[in-house]
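Have a look at the structure below before the remarks.
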Amino acid sequence: MRKSLRLRLLAGAAIWIAGALLVAGMIIASLLRDFVERNFDERLNAQILSIMSAVSFDAAGTLQPGGVVSEPQYQQLYSGWYWQIADADAVLLKSASLWDADLGAAVGEIGQSGHVPELVGPRGRELHALYRDFTAPGGGSNLRVTVAGPEAEIEDALGGIVPPLAISLFVLGVGLIFAVLLQILYGLRPLDALRRQIADIREGRAQRLPDAEHVELQPMVTETNSLLEHNRAVVERARNHVGNLAHGLKTPLAVLANDIAGRPDSDVAADCVRTMERLVAHHLRRARSAASRNIVGVSTEVEPVIGDLTLAMSRIYADKNLELPVSAEKGLKFAGDSQDLEEILGNLIDNSCKYARNRVEIVAKKEGGDILIVIDDDGPGLDAGERERALGRGIRLDERPIGSGLGLSIVRDIAELYGGSLELAAAPSGGLRACLVLPSL
């Protein structure tokens, strides 16, 4: 979850929603209880007023019920609904439902009223009871009327409300979390779009990020574009330095070579100069390739490069009348600079054309996440030891063709700079097979 913004936002929202709904549920449940108890108390108060208005003392000083409450629940034995009138010493009148029990004798000042706390009635049932102290007509003593109902009725009323309330809050919570999830997915969609735009740059389909549609992302887009421009500028400066170094060294070496050539016994010095020229060329090419490899967003289509090179080779080696069949998959893209790809394939195809008798076959295809390019010729080929030596720097197995002896070494070095490889093997036709692996987009 620490690695996912979506999960962090969703988890945070879920915690807050759950907490808020829990507190809201507790508050609502408390308010509902107060409402139910208040209605229950109003019902009991109505009974108290009815009883107080009905009773009176006769001439003998006996309390008479008159038209006192006669609802069925007060007539049913131990129904849980009870009323009684008492003075300080005894219970004077009570409902039939109390039978041989009572709610206790007590009395206070006239007008005093309230709730009887923790009252337990017949058969151990908890009661919710109210009382009021009054005087009845014809008598002078204070009386207390108490009316009680079953506490279970309040709980039953709440039991019919609280579970649906809890279910409703749960459904509301799930709906809110789902809404938050949709909001997060919709709100983070611009980041997915930005990721695709960066992938386009990496794969060479774009050079910079377009301006962001949202102000929150624009600073990141601006900084990324600045980084890309800085990267390109650094690579361009490196290339310029490489070019300047090449020009700066070539001229003194050429002058030195000309000066040595006019002197007797200059073979050793001439060999040293040629070695210096080869090493300069080799390391300058490596430096340029290393700089090109770090350019973000550079890619090269393979098929057009192979087509251009085979066309050039057919003209260069027109006297040999070579067959140069090419089988290249459409859409292959090399994750690197076009000059490096031309350098690699140019060396390999040129080497094959030099020694081929009649045919050089080129196959390029996707293999896993890489590009596999196989070049076969029908020349004399090389044995295993010679193939290993041919990849060494400055090694020439045949001194007749003019060259530096760095071709295959440069190809291997450039391929390895890009994370690829070059291997030599025997071709089915008896010649040499070059297997080149390069990174693909």
task: From (1) out of contact with any Phe, Trp or Tyr (no Cβ under 6 Å at 6 or more places or on another chain); (2) open to solvent by less than 20 Å² (accessible area, probe 1.4 Å); (3) not basic (Lys, Arg), pick out the condition that doesn't hold for residue 98.
output: (1)
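Restricting segment 1-47 to residues that are within 30 Å of residue 116 (Cα to Cα) and of a type in the set (Val, Ile, Thr), which is most open to solvent (accessible area, probe 1.4 Å)? Steps first, answer last, please.
Filtering segment 1-47 for residues within 30 Å of residue 116 (Cα to Cα) gives 25-47.
If we keep only those that are of a type in the set (Val, Ile, Thr) too, we end up with 27-28, 36.
Working: 27: 94, 28: 64, 36: 21 Å².
Per the stated criteria, the residue is 27.
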field: Check on residue 311, surrounded by fewer than 20 Cβ atoms within 10 Å (Cβ to Cβ) and not in a strand (DSSP E or B)
entry: yes
message: Could you list, ordered by first residue, the pairs with Cβ atoms under 7 Å in which the first is in segment 414-441 and closer than 25 Å to residue 203 by Cβ and without any contact (Cβ under 8 Å) to a residue 24 or more places away in the chain and the second is open to solvent by 30 Å² or more (accessible area, probe 1.4 Å) and in a strand (DSSP E or B), at least 6 apart or interchain?
response: 421/437
message: For the condition touching a residue at least 40 places away in the same chain (Cβ under 8 Å), open to solvent by less than 50 Å² (accessible area, probe 1.4 Å), under 24 Å from residue 38 (Cα atoms) and of a type in the set (Lys, Arg), what is the one hit in 125, 144?
response: 144
Selection from segment 346-369 of residues that are outside any helix (DSSP H, G or I) and surrounded by fewer than 19 Cβ atoms within 10 Å (Cβ to Cβ): 357, 358, 359, 363, 365, 366, 367, 368, 369
task: Among what's in segment 360-393 and is touching a Ser or Thr at 6+ places or on another chain (Cβ under 7 Å) and of a type in the set (Lys, Arg), pick the residue that is nearest to residue 334 (Cα to Cα).
output: 366
query: Of everything in segment 175-212 that's within 21 Å of the chain's Cα centre (by Cα) and not in a helix (DSSP H, G or I), which residue is nearest to residue 229 (Cα to Cα)?
result: 212
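The values are calculated or read from the model by the stated rules, or taken from the named source; none is laboratory data. Owing to the predicted nature of the structure, the values given are computational and were not obtained by experimental measurement. Here Cβ is always computed from backbone atoms with ideal geometry, including for glycine, and neighbour counts include all displayed protein chains. Accessible surface is based on the protein model in full, side chains and every heavy atom, while ligands, DNA and RNA are left aside. Shrake-Rupley method; radii C 1.70, N 1.55, O 1.52, S 1.80 Å.
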